[in-house]
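Working notes, beginning with the structure itself.
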Amino acid sequence: MTHRILTTHVGSLPRSKAVTDLVFEHENGEIADWAAFKETIADAVKDVVEKQVAAGVDLVSDGEMSKISYATYIKDRITGFEGDSPRTPPSDLEEFPGFLQRQASSGGTPTYKRPCCVGPIEVKSMQPLEDDLAHFKQALEGQNVVDGFMNAASPGVIALFQPDQHYKNHEKYLMALADAMQAEYEAIVEAGLILQLDSPDLGLGRHMMFKGRDDSEYQALASLHVEALNHALRNVPADRVRMHICWGNYEGPHHHDAPMDLVLPIALKAKPQGLLFENSNPRHAHEWAVFTEMNIP
């Protein structure tokens, strides 16, 4: 008897120059022809789904074609976010300022705004999500795939990259985000797709958002992020959700990364039945052993 191992990936895939240019025009409020914008995005989603199928991917995504980034896209969907915020580098890169400066000035990282929370958070518009769902569902028609998944930002990663200047209380900020994002999470699942929650805050947050804190403080704060996520998912079946956790995909030493045996117990408190970790690197490749030592549901 043969057994097939299903294949998937994290969600974001390369965009063409035409798509990238339009996404940045959208970011800057410069879209002159919305019909042409939507048509280009729809074509890009169809193309990227076909490429995933041709490559043998079983659980495919829309490639996040319409999004400027996996966390800041929410400013078009929920209220309360404006302006920009200062960039806070991870603590490992702070120890190598020369490398950090070369990286920042290399031009390899796109520049876009990371707005701050400056007002009450609530749903602003479901239209961008409805457009994404329509484009993806259309692209999936006739394709031989096991399932499709769509990314959404977790409350914690929104808080990680978009600092709060309004609630002045981290728990209240997280819960406001959870309540506002609940509609997006439920709509993705109701559309028949798997929901992927991007939660690098549980890994990357240790040496970025929670740097300078001891492990017990990190565990308490990260657990609070999980509580907010679970609150937002209270109406969503666990088997239709998966969660992506990473330590940041930037080039760097990563010697401040939290070890898997610290991160995994927190991640296992989250409702999503699927977990995706990026571990194929020298810092974390050996940590597969942690999964053999812990009680995985």
- Query: Is there a residue being surrounded by 17 or more Cβ atoms within 10 Å (Cβ to Cβ), at pLDDT 95 or above, aromatic (Phe, Trp, Tyr) and closer than 22 Å to His9 by Cβ anywhere in the range 173-190?
  - Reply: yes
- Message: One residue is enough: does the range 193-213 have a residue meeting the conditions among the polar types (S, T, N, Q) and over 24 Å from Glu82 (Cβ atoms)?
- Response: yes
- Message: Among the residues of the range 175-190, are any in a helix (DSSP H, G or I), under 19 Å from Ile245 (Cα atoms) and among the charged types (D, E, K, R)?
- Response: no
- Task: Residues that are within 20 Å of Tyr185 (Cα to Cα): find the helices (runs of 4 or more DSSP H) completely inside the range 78-157 holding 2 or more of those.
- Result: 127-140
- Query: Applying the selection to the range 76-114, what residues are at pLDDT below 85 and over 26 Å from His166 (Cα atoms)?
  - Reply: Gln103, Ala104, Ser105, Ser106, Gly107, Gly108, Thr109, Pro110
- Of the residues that make up the range 232-255, is at least one of a type in the set (S, T, N, Q), touching a helix residue (DSSP H, G or I) at 6+ places or on another chain (Cβ under 9 Å) and modelled with pLDDT under 95? yes
- Task: Looking only at the range 67-86, decide whether some residue is under 21 Å from Ala139 (Cβ atoms) and either small (Gly, Ala, Ser) or surrounded by fewer than 16 Cβ atoms within 10 Å (Cβ to Cβ) (or both).
- Result: no
- Item | Residues (touching a residue at least 12 places away in the same chain (Cβ under 8 Å) and more than 19 Å from the chain's Cα centre (by Cα)) located in the range 135-146 | His135, Lys137, Gln138, Ala139, Leu140, Gln143, Asn144, Val145, Val146
- Filtered residues of the range 70-108 (kept if within 22 Å of Cys246 (Cβ to Cβ) and among the acidic types (Asp, Glu)): Asp92, Glu94, Glu95
- Message: I need a count of the residues in the range 53-77 that are in contact (Cβ under 8 Å) with a residue 24 or more places away in the chain, farther than 30 Å from Pro120 by Cβ and either polar (S, T, N, Q) or assigned to a helix (DSSP H, G or I) (or both).
- Response: 2
- Determine, yes or no, whether Lys168 is under 16 Å from Leu229 (Cα atoms), without any contact (Cβ under 8 Å) to a residue 24 or more places away in the chain and outside any strand (DSSP E or B). no
- Note on the structure: Of the candidates Val53, Val49, Val19, Val57, the one satisfying the condition of being crowded, with 22+ Cβ neighbours inside 10 Å and of a type outside the set (Gly, Ala, Ser) is Val49
- Query: Taking Ala187, is it out of contact with any helix residue (DSSP H, G or I) (no Cβ under 8 Å at 6 or more places or on another chain) and among the aliphatic types (A, V, I, L, M)?
  - Reply: no
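May I ask you to say which residue of Gly63, Gly11 is surrounded by 17 or more Cβ atoms within 10 Å (Cβ to Cβ), modelled with pLDDT of 95 or more and either under 25 Å from Ala180 (Cα atoms) or aliphatic (A, V, I, L, M) (or both)?
Of the residues listed, the single one that is surrounded by 17 or more Cβ atoms within 10 Å (Cβ to Cβ), modelled with pLDDT of 95 or more and either under 25 Å from Ala180 (Cα atoms) or aliphatic (A, V, I, L, M) (or both) is Gly63.
Table: residues versus (1) within 27 Å of Gly83 (Cα to Cα); (2) part of a helix (DSSP H, G or I); (3) among the basic types (Lys, Arg).
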residue: Thr2; (1), (2), (3): no, no, no
residue: His9; (1), (2), (3): no, no, no
residue: Val19; (1), (2), (3): yes, yes, no
residue: Glu25; (1), (2), (3): yes, yes, no
residue: Gly29; (1), (2), (3): yes, no, no
residue: Ala44; (1), (2), (3): no, yes, no
residue: Val48; (1), (2), (3): no, yes, no
residue: Lys51; (1), (2), (3): no, yes, yes
- Boolean, Ser199 is at pLDDT 95 or above, of a type in the set (Ser, Thr, Tyr) and under 30 Å from Asp132 (Cα atoms): yes
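The values are calculated or read from the model by the stated rules, or taken from the named source; none is laboratory data. Only a predicted model underlies this, so the values are computations on that prediction, with no experimental measurement involved. As a convention, Cβ positions derive from the backbone with ideal geometry for all residues, glycine included, and neighbour counts pool all protein chains shown.
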